[in-house]
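Here is the structure we will look at.
Just so it is clear, none of the values below were taken in a lab; they were calculated from the coordinates. What you are looking at is a predicted structure, and each value in this text was computed from that prediction instead of being measured. With ideal geometry, Cβ positions are generated from the backbone for all residues, glycine too; neighbour counts draw on all protein chains shown.
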Amino acid sequence: MRIVLGQLTPTIGALDDNMAALTLTIEQAKAQGADLVVFSEMVVSGYPPKDLLLEPDFVQACLNANHELAKASDDGLMVIWGNLAQNPAQTDQPLLNAAMVAVGGQLTATIAKHHLPIYDVFNDRRYFASPHADAPEKLAIEALTVTHKGCRMVVTVCEDIWSHPALYGPVAKEHPEISPTTVQLVQKRPYPTNVLTQLPHHAFDLLVNLSASPFAGGKPPMRLALLSQIAQQQQKPVVYVNQAGAHDDVVYDGHSCLSWPNGAQWVANGFVQETSVVDLAPMPEPDAMPPPISITDAQYTLFEALTLGIRDYVQKTGFERVLVGLSGGVDSALVATLATEALGAQHVTGVAMPGPYSSAHSLTDARLLAKNLGIDLLEYPITEPFYSMLGSIGQAKGDLKQDLAEQNLQARLRGQLLMTLSNRNQALVLATGNKSELAVGYSTMYGDSCGALAPIGDLLKTEVYQLCRWLNAHLAADPQHPLIPETVLSKAPSAELAPNQRDSDTLPPYEVLDALIRAVVIDGLDFENCLGLGYDQATVEWVIRRIHTQEYKRQQYPPILKVSKKAFGSGRLYPLAQQVPLPGTLSPRSQ
């Protein structure tokens with residue numbers, strides 16, 4: 001059997017454009033002599049469409065698309081795609097998240113997604129019904145099965161193949177990122193049945209999965225290992241088609257694949273729209289098809305995810321240009337470099353805004369970075385506006401208090417300038433804060449938090465440095481002349497809002513801070529477990545306290561591109577007004 005894997009990059013709500021891409025791929029599949037073409041989950045609408053699913057006109061347009069796509073199939077080509085379907089049962093949820101199957105110009109099957117996730121960035125149960133949720137024993141494997149040209153296929157949607165705890169044990173030995181906590185979460189997911197456990201009792205030839213699986217660091221190789229484990233356990237090949245592209249804060253990496261029972265895998269490139277033709281037989285040798293670089297190089301994969309997230313956000317919101325405030329520091333340097341790689345230098349403008357405490361080398365570094373990247377640089381000093389604002393509240397120029405209010409005023413003046421330039425030039429502002437700062441509130445509301453997107457808001461400070469050095473090693477035409485100046489990477493981090501200010505004046509060393517943020521936010525460890533890591537009690541108390549009390553800042557921050565297992569944003573929901581028992585005494589909020 002010849003199979004086409006349609007790894008597309010749909011735009012949410014752009015039904016005409018998405019349908020055109022689907023139809024073109026189907027016609028190409030016919031020309032290539034394919035027997036089967038498979039697309040990703042919810043490819044017609046783009047996933048997740050969120051509350052667009054509450055709009056009747058949008059829902060009806062999606063439903064109509066199923067009949068239009070069915071007409072593109074013929075007797076020789078079966079087409080499987082993800083879309084909405086009407087729930088035939090009389091429940092409060094009228095819709096299904098389904099795999100639609102067509103052959104001979106007709107819809108021949110609708111196969112619903114059974115496991116509806118509500119963790120992290122997922123909220124499927126808000127919109128969809130799960131067939132047989134109240135009577136899992138009625139789920140028959142025949143309801144998931146279609147046959148074409150003598151090949152009996154079990155068709156599943158995304159989560160339906162990930163909830164089998166037995167998969168994770170063998171894979172975890174080779175992938176330490178699968179923690180015991182992950183296995184426990186899989187075991188606790190409240191699904192009434194498990195599709196995979198039913199498969200060995202029934203004869204089938206091929207397992208097909210339509211997916212919209214978001215990217216996170218370390219996830220692509222782990223996902224491929226799990227798919228290979230499924231193929232080997234079931235002793236059947238597995239076709240997996242994943243969405244590519246970014247929607248708001250979530251990046252989808254693609255890496256669609258075909259896994260054979262002997263451990264061989266063919267893997268599509270990551271982070272790009274790609275239509276691929278793969279023959280089911282003969283089965284290749286396990287080492288005959290090496291994975292793409294986006295699987296094997298973690299820093300390259302992170303770079304691809306972030307640049308894709310920037311590019312799709314800017315283009316899908318109808319913009320062409322971005323602004324980046326260049327402080328001469330490492331965070332803004334990384335954001336400007338990523339934006340330039342994503343959009344091209346002609347679409348990126350840096351803005352330097354030196355203030356009364358800015359060092360001379362900060363402006364020099366900003367200028368050198370702009371020159372290296374080939375981007376325009378605007379310079380707007382804020383010293384005089386700063387003194388003018390102080391005067392407007394009756395504070396004399398020579399009467400500097402150098403307190404938090406004055407520091408925040410400088411940051412807010414820079415934010416005002418960026419947003420004014422944004423309005424004037426129809427350019428989006430990219431915020432430059434990192435995850436370390438956001439975790440403990442080391443940022444100014446309506447200042448450095450201004451922007452439409454936060455590209456590195458899910459990178460810890462130590463990860464920022466790692467990616468910068470990788471970019472210098474891999475993107476610079478001449479290693480002796482790196483894109484990001486070495487002076488940017490070697491100087492002590494500072495907000496430069498007070499004389500001789502250093503981040504270390506306020507924060508623990510970033511190696512310590514980042515380790516504790518990773519433990520609390522990503523791994524979910526509590527106070528006692530953090531103490532068990534060997535850090536002193538006062539530091540652990542301070543970090544945990546700040547993570548909880550600074551939520552109000554994070555919820556007013558721009559969308560953060562999610563590149564870790566747990567990012568601040570839509571996948572981490574905490575209340576603002578809370579009285580959570582925490583170690584130590586709660587510190588007052590500062591804006």
Protection-proxy order for peptides 523-532, 104-113, each taking the mean of Cβ atoms within 10 Å per residue, highest first: 104-113, 523-532
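Do the alpha carbons of any pairs in K50/K562; K113/K562; K30/K50; K113/K553 sit beyond 29 Å of each other, and which pairs?
Values: K50/K562 17 Å; K113/K562 24 Å; K30/K50 33 Å; K113/K553 36 Å.
Pairs exceeding the cut-off: K30/K50; K113/K553.
Looking only at the stretch 251-390, where both bridge partners belong to it, what percent of the DSSP beta bridges are antiparallel (to the nearest 5)? Don't skip to the end; give the middle numbers.
Values: 4 of 12 bridges.
Bridges in the stretch 251-390 are about 35 percent antiparallel.
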At most 12 other Cβ within 10 Å, DSSP loop - trypsin sites (Lys or Arg not before Pro), the stretch 371-435: K397, K401
Projected area, mean over directions - the stretch 342-406, Cα convex hull, nm²: 5.8 nm²
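How much of the DSSP bridge set in the stretch 2-296 is antiparallel, in percent, rounded to the nearest 5? All intermediate terms of the calculation are to be shown ahead of the outcome.
Details: 37 of 55 bridges.
The answer is about 65 percent antiparallel.
Using C-alpha positions alone, give me the convex hull volume of the stretch 254-308 per residue in cubic angstrom.
On the way: hull volume 3.9 nm³, N = 55.
Once divided by residue count, the hull of the stretch 254-308 is 70 Å³.
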Cα-centred dipole magnitude for the stretch 2-296, charges only on beta-carbon of K, R (+1) and D, E (-1), debye, nearest 20: 620 debye
26 Å Cα-Cα reach of K371 towards lysines, excluding residues that sit fewer than 8 places from it in its own chain: K461, K491
Exposure proxy ranking, count of Cβ atoms within 10 Å, fewest first, for E551, E55: E55, E551
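Can you give the FRET efficiency to the nearest 0.05 for T108 and D16, using r as the Cβ-Cβ distance and R₀ = 22 Å? Could the numbers behind the result be given before it?
Working: r = 25 Å, r/R0 = 1.14.
The computed FRET efficiency comes out at 0.30.
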Three-way shape label, the stretch 305-554, alpha-carbon gyration tensor, a/c 1.5: oblate
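What ranking do S332, S443 get, fewest neighbouring Cβ atoms within 10 angstrom at the top? Mind dumping the intermediate values first?
Details: S332 26, S443 23.
Ordered by Cβ neighbours within 10 Å, fewest first: S443, S332.
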Between helix 360-373 and the chain: long-axis angle, C-alpha atoms, 0 to 90°, nearest 10: 30 degrees
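How large, in Å, is the stretch 2-296 by the Kirkwood hydrodynamic radius built from its alpha-carbon pairs?
19.0 Å
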Likely footprinting exposure, H67, H347, fewest C-beta neighbours within 10 Å first: H67, H347
Nearest-ten-degree value, helix 537-549 long axis tilted from longest Cα axis of the chain: 70 degrees
Average projected area [Cα convex hull, the chain], square nanometres: 28.8 nm²
The chain: antiparallel DSSP beta bridges as a percent of all, rounded to 5: 55 percent
Computed magnitude of the charge dipole of the chain (debye, nearest 20; Cβ of K, R +1, Cβ of D, E -1): 520 debye
